[in-house]
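Structure, as structure tokens:
The values are calculated or read from the model by the stated rules, or taken from the named source; none is laboratory data. Just so it is clear, the structure is predicted and the values come from calculations on it, not from any experiment. Cβ: placed from backbone, ideal geometry, glycine included. Neighbour counts: every protein chain shown. Accessible surface is based on the protein model in full, side chains and every heavy atom, while ligands, DNA and RNA are left aside. Shrake-Rupley method; radii C 1.70, N 1.55, O 1.52, S 1.80 Å.
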Amino acid sequence: GCSSSSPTAPSPPLIPTVQGQYAGTFTTQSCQETGAASGSGFCAAVANGGMVFTPQQSGANLSGTMSIGAFSPIPVSGTVSTDNVVVIAGSGPLQLSATLALTQWRGTLAGTAITGTMQFTITTAVPVGSGTVSGSFTIRQ
């Protein structure tokens, strides 16, 4: 027999799943050295490298760790939205009393990959200096 179905309301958009481990690389588009970092070769040393993001998800909220290049992983947190945009930030201590601050990180999730742009700053306390990197990244599960 035939059955007719009445039109149903569209279901609300779902929050995408961003869990596990994403690994890939970043490429520097610009880099600025200040203070003690000026002329130190910092920018050349961190020009390109690996990136590993290990998120835990609770609804739209993400928390976890991010490692950039050879630096120690730092704690990060952020959100994922129904349009597949992932935004995170965080900071943490590095060796030699330096700090890594991931100030901007915005990616779009497509399948198992996240691609986007980011900015991070590494600041040293003694002597005082910093290096700020802006670039793009692609990481995959």
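Overview of values
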| quantity | calculated |
| --- | --- |
| Filter result for the condition that a residue is in contact (Cβ under 8 Å) with a residue 40 or more places away in the chain, within 19 Å of residue 123 (Cβ to Cβ) and surrounded by fewer than 16 Cβ atoms within 10 Å (Cβ to Cβ), over 81, 38, 72 | 38 |
| Residue count for the range 41-59, restricted to those that are at pLDDT below 95 and open to solvent by less than 40 Å² (accessible area, probe 1.4 Å) | 6 |
| Subset of the range 117-138 [open to solvent by less than 60 Å² (accessible area, probe 1.4 Å) and over 17 Å from residue 69 (Cβ atoms)] | 125, 129 |
| Residues that are open to solvent by less than 70 Å² (accessible area, probe 1.4 Å), touching a residue at least 24 places away in the same chain (Cβ under 8 Å) and either in contact with a Leu (Cβ under 7 Å, 6 or more places away or on another chain) or not in a strand (DSSP E or B) (or both), drawn from the range 89-116 | 90, 94, 100 |
| Selection status of residue 121, over 26 Å from residue 20 (Cβ atoms) and at pLDDT 95 or above | yes |
| Condition met for residue 53 (more than 27 Å from residue 12 (Cβ to Cβ), in contact (Cβ under 8 Å) with a residue 40 or more places away in the chain and aromatic (Phe, Trp, Tyr)) | no |
| Residue match in the range 60-69 (condition: outside any strand (DSSP E or B), at pLDDT 95 or above, surrounded by fewer than 17 Cβ atoms within 10 Å (Cβ to Cβ) and not charged (D, E, K, R)) | yes |
